[in-house]
1. Leaving out ligands, DNA and RNA, what percent of the accessible area of the chain is carbon and sulfur, probe 1.4 Å?
2. Report relative contact order for the chain in percent, whole number only (criteria: Cα-Cα under 8 Å, sequence separation at least 6).
3. Grab the Cα-Cα distance for K61 and H43, subtract it from 0.36 nm times how many residues apart they are, and report the gain in nm with one decimal.
4. Write down the accessible area per residue of the chain in Å², having rolled a 1.4 Å probe over the full set of protein chains.
5. Place a point 7 Å from the Cα of E20 along the Cα-to-Cβ direction; which residues of the range 34-58 have their backbone N under 16 Å from it?
Amino acid sequence: MKAIWNNQVIAESNDTVVVERNHYFPADSIKKDFFKPSATHSHCPWKGEASYYTVEVDGDKNPDAAWYYPEPKEAAANIKNYVAFWKGVKVTE
């Protein structure tokens, strides 16, 4: 699977985990140069607290376009150290 934004592959892996129709990519499969930490957090009742990244490609920013669960609840332990995308990031094979 590939995650693409602004015509750039920002993550690529054959080892994604699908949860609620979202592909979660292993953290070591993201191209870290395109990811900037965000102060945004949200809460999921069964996964826990999510943290976000702003994706930046060629000077264009997509705020909070990637999220992850640094300390997921037990029910979501399989997505610890995985990153998912939204806000226009295309996930394709």
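The values are calculated or read from the model by the stated rules, or taken from the named source; none is laboratory data. Quick caveat: nothing in here was measured; it's all calculated off a predicted structure. Glycine also receives a Cβ, built like all others from the backbone with ideal geometry; neighbour counts cover every protein chain displayed. Please note that ligands, DNA and RNA were not included when accessible areas were found on the heavy atoms of the full protein model with its side chains. Shrake-Rupley method; radii C 1.70, N 1.55, O 1.52, S 1.80 Å.
1. Roughly 47 percent of what the probe reaches on the chain is carbon or sulfur.
2. Normalised by residue count, the contact order of the chain is 29 percent.
3. Result for the pair: 4.1 nm of gain on full extension.
4. 59
5. It comes to 41-53, nothing else.
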